[in-house]
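Encoded as structure tokens, the structure appears first; notes follow it.
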Amino acid sequence: MPGRFVRVWSRQLADHAADLHFVSSGRVLAAATLAGTVTVLDASTGELLAEPTGHPGGALSLAWSPDGFLLATGGQDGRVRVCRPGGEPVFETPSGRDWIEHMAFSPDGLQLAVGAGRTARVYDRSGQLLADQGGHGSTISALCWMGRRLVTACYGGVRLLEPDRPVAPRFLEYSGSILALVPSPDGKWLASGNQDGSLHIWQVESGAECAMSGYPMKVKALAFSDDGSTLVAAGGSEVTLWDFSGVGPVGRKPKVLEGHAGAVTAVGWAGHRVLSVSEDGTLRSWPASSDRGEVVWEGQLPLDRLAVAPGGVAAAFADRSGNMSLVSLDER
Amino acid sequence: MSATTPDRVPVTILTGFLGSGKTTLLNRILSENHGKRIAVIENEFGEVGIDNDLVVSADEEIFEMNNGCICCTVRGDLIRILGTLMRRRDRFDHVLIETTGLADPAPVVQTFFVDDELKAQFELDAVVTVVDARHVALHLDQSSECQEQIAFADVILLNKADLVSAPELSALATRVSAMNRWARCHHTVRCELPLDDVLGIRAFDLGHAQEVDPSILSDTAHEHDTSVSSVGLDVPGDVHAGRLEKWIRKLLAERGADIFRMKGVLSVAGSDRQLVFQGVHMLFESSEGRPWGRAPRRSKIVLIGRGLDVAGIDKGFRRCLA
């Protein structure tokens with residue numbers, strides 16, 4: 001695949017970026033910082049477009065609606081704020097004791113799911129509470145949508161619930177601490193990265209499960225490729241690729257990509273390439289057909305946030321101090 | 001991992017039963033003019049929080065690690081909260097973790113041994129246990145949590161000392177020190193004591209492990225089988241590295257659940273430096289200490305545990321002599 005990633009701009013955020021996402025058009029991106037600020041930037045120039053009201057104590061999470069008309073943020077103040085991309089407020093919830101660390105819009109954009117302590121709440125676009133799902137045994141540590149189903153993870157397992165249907169949640173038990181959760185694009189698989197240095201995989205309909213253990217560190221970085229054929233995961237300095245085509249990963253060995261000199265902190269897909277950022281301060285790009293990654297960016301401080309623009313044409317990342325950069329695919 | 005990162009933030013773990021004066025000590029630390037920015041993670045609703053300090057309320061979430069080690073439990077809430085706080089640019093100078101009255105301190109301590117990120121960013125300073133001198137006798141017999149809080153401590157405050165007679169206080173001090181001989185024990189009223197006695201102890205710093213106290217040597221063989229006690233061994237000469245490692249692994253595999261803490265300074269045959277180590281239940285770490293130079297070579301270990309087989313431990317340790 002032709003083209004190389006080249007740096008377009010860098011800018012200093014108010015503090016460490018706790019969350020970072022492009023809007024679906026790829027033209028705009030937003031960052032939530034531990035200083036409490038929320039920053040909306042022009043992806044092509046890095047110019048500040050808006051600074052919506054933030055979250056005292058620290059902004060921790062953000063989500064764009066798929067149509068790009070709404071930006072939701074949450075933070076240490078326990079509040080959810082939803083605004084327009086220009087910062088005009090749409091609704092906010094009361095503040096609370098539980099940090100808002102995880103949120104996601106449903107694929108149809110009609111529902112916003114939020115993890116608040118041990119409760120998952122679902123709001124519509126005007127802020128009306130559609131579901132208030134308690135019963136989690138510990139703080140919700142990850143959440144995602146699979147079609148109309150909301151999937152939440154906490155210590156002890158994963159819940160699948162349908163907020164707009166009165167059916168009991170389905171529970172997939174897992175005796176461990178889940179740190180990250182990703183569904184395959186076709187909804188067939190669910191993968192979790194865990195504190196104990198393992199991946200856990202569920203075949204959603206059958207409930208069949210398997211574990212891949214042996215990562216030297218906790219597994220927080222994982223992402224499915226757009227076509228669902230490959231899961232990239234890291235828990236240490238190596239990047240592993242698991243083949244999910246056909247019968248799935250059971251019995252297969254992962255492809256291991258070596259090159260980072262420190263723990264990999266985030267991964268993503270840009271088309272057929274894997275992108276990874278690491279404590280070693282580098283962003284690496286790994287072409288699909290090769291074991292050799294190239295260093296796209298090298299900085300002084302550990303990198304730990306990565307967002308890839310839809311279509312894989314650009315990626316934004318930030319270091320520990322909140323210095324953020326954007327690289328874009330130069331096809332010439 | 002970078003366990004030697006120079007600017008790791010010290011963490012003090014504050015334990016004690018409800019009503020012991022734990023919150024009084026917390027408030028005293030926060031209100032003292034020490035110029036430090038302190039982050040407090042509290043598990044009981046208290047009314048603390050002063051100026052530029054940060055107070056986070058959290059529910060204790062005990063996670064069992066899925067690695068087959070039965071006593072390896074950690075505090076998931078601490079990994080989550082401290083994992084975020086440590087990324088802030090205006091970092092804190094000190095972290096205080098207040099446990100609930102009935103908490104076993106082990107998961108809190110183990111969290112900082114097990115989680116790589118926290119290990120790289122934070123340094124356990126000490127476990128500080130506040131004891132209500134008037135009411136503790138009752139709990140000492142009946143509550144395993146109370147025994148564990150004393151067994152885990154590096155600093156013990158026998159608080160409300162004015163509410164008991166001098167002989168009662170002295171008897172209590174004797175009893176507490178039989179359970180845990182390495183902790184520094186202070187008699188206090190309303191937790192009044194210099195903060196230097198509570199903060200900056202560096203009890204988990206292997207570089208300070210030379211201070212393992214040989215006076216801990218004692219005869220505890222007569223104590224009741226299930227009680228908490230300390231064992232100290234001090235033997236002149238060298239130990240054999242391979243045999244020692246084998247013995248400690250076996251001891252921890254068999255009795256790790258009952259051994260709360262362990263520290264040692266060893267003279268290993270063939271090495272001109274001290275070997276210092278510490279353990280919490282089954283978790284264990286060691287490193288090279290200072291050179292022996294002209295100092296007489298000897299090996300000292302201290303264990304605190306429940307129902308310790310003193311004679312067996314003594315025999316096992318002596319078999320490791322070179």
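Please go through segment B:113-129 and give me each residue that is more than 20 Å from B:I150 (Cβ to Cβ) and more than 12 Å from chain A (Cβ to nearest Cβ), ordered by number.
B:F113, B:F122, B:E123
Quick check on segment A:190-198. Is at least one of its residues of a type in the set (A, V, I, L, M), within 14 Å of chain B (Cβ to nearest Cβ) and touching a residue at least 24 places away in the same chain (Cβ under 8 Å)? Show your work before the answer.
Taking segment A:190-198 and keeping what is of a type in the set (A, V, I, L, M), we get A:190-191.
Right, trim to within 14 Å of chain B (Cβ to nearest Cβ) and you get none.
The answer is no; no qualifying residue exists.
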message: For segment B:108-154, give me the residue count where each residue is open to solvent by 10 Å² or more (accessible area, probe 1.4 Å) and of a type outside the set (A, V, I, L, M, F, W, C).
response: 16
- line: Considering residues that are more than 21 Å from B:S31 (Cβ to Cβ), more than 14 Å from every other protein chain (Cβ to nearest Cβ) and not in a loop (DSSP other than H, G, I, E, B), the number found within segment B:78-103 is 0
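Considering segment A:116-129 alone, what residues qualify as being of a type in the set (S, T, N, Q) and in a strand (DSSP E or B)? Don't jump to the end; show me each part of the working.
Kept after step one, since they are of a type in the set (S, T, N, Q), are these residues of segment A:116-129: A:119, A:126, A:128.
Matches in segment A:116-129: A:T119 only.
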message: Which numbered condition in (1) open to solvent by less than 40 Å² (accessible area, probe 1.4 Å); (2) out of contact with any His (no Cβ under 7 Å at 6 or more places or on another chain); (3) not charged (D, E, K, R) is the only one that B:C320 fails?
response: (2)
- prompt: Taking B:I29 and the conditions (1) within 14 Å of another protein chain (Cβ to nearest Cβ); (2) at pLDDT 90 or above; (3) more than 30 Å from B:A257 (Cα to Cα), which numbered condition does it fall short on, given that it satisfies the others?
  reply: (1)
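For the structure I just gave you, tell me whether A:S61 is of a type in the set (G, A, S), assigned to a strand (DSSP E or B) and within 14 Å of chain B (Cβ to nearest Cβ). Step through it out loud before you land on a result.
Values: of a type in the set (G, A, S): yes; assigned to a strand (DSSP E or B): yes; within 14 Å of chain B (Cβ to nearest Cβ): yes.
Judged against the criteria, A:S61 is a match.
Considering A:R125, A:R118, which residue is within 14 Å of another protein chain (Cβ to nearest Cβ), basic (K, R) and under 29 Å from A:G187 (Cβ atoms)? Working first, answer last.
Numbers: A:R125 fails: within 14 Å of another protein chain (Cβ to nearest Cβ).
Residue meeting the stated conditions: A:R118.
Quick grid of which residues meet (1) open to solvent by 50 Å² or more (accessible area, probe 1.4 Å); (2) more than 14 Å from chain B (Cβ to nearest Cβ); (3) outside any strand (DSSP E or B):
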| residue | (1), (2), (3) |
| --- | --- |
| A:A131 | no, yes, no |
| A:G135 | yes, yes, yes |
| A:S138 | no, no, yes |
| A:V167 | yes, yes, yes |
| A:A180 | no, no, no |
| A:W202 | no, yes, no |
| A:V219 | no, no, yes |
| A:A223 | no, yes, no |
| A:L231 | no, yes, no |
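Among the strands (runs of 3 or more DSSP E) contained in segment A:268-313, which hold 3 or more residues that are surrounded by fewer than 19 Cβ atoms within 10 Å (Cβ to Cβ) and at negative phi?
On the way: elements: A:273-278, A:282-286, A:294-298, A:303-308.
Ranges flagged: A:294-298.
Can you go through A:L172, A:L110, A:L160 and tell me which one is away from every other protein chain (no Cβ under 14 Å) and open to solvent by 20 Å² or more (accessible area, probe 1.4 Å)?
The unique qualifying residue is A:L110.
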message: For A:T37, only one of the following conditions fails: (1) more than 14 Å from every other protein chain (Cβ to nearest Cβ); (2) hydroxyl-bearing (S, T, Y); (3) open to solvent by 10 Å² or more (accessible area, probe 1.4 Å). What is its number?
response: (1)
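The values are calculated or read from the model by the stated rules, or taken from the named source; none is laboratory data. Predicted model, so just to flag it, every value in this text is computed and none were measured. Here Cβ is always computed from backbone atoms with ideal geometry, including for glycine, and neighbour counts include all displayed protein chains. Note: accessible area is taken over every heavy atom of the protein model, side chains too, but ligands, DNA and RNA are not part of it. Shrake-Rupley method; radii C 1.70, N 1.55, O 1.52, S 1.80 Å.
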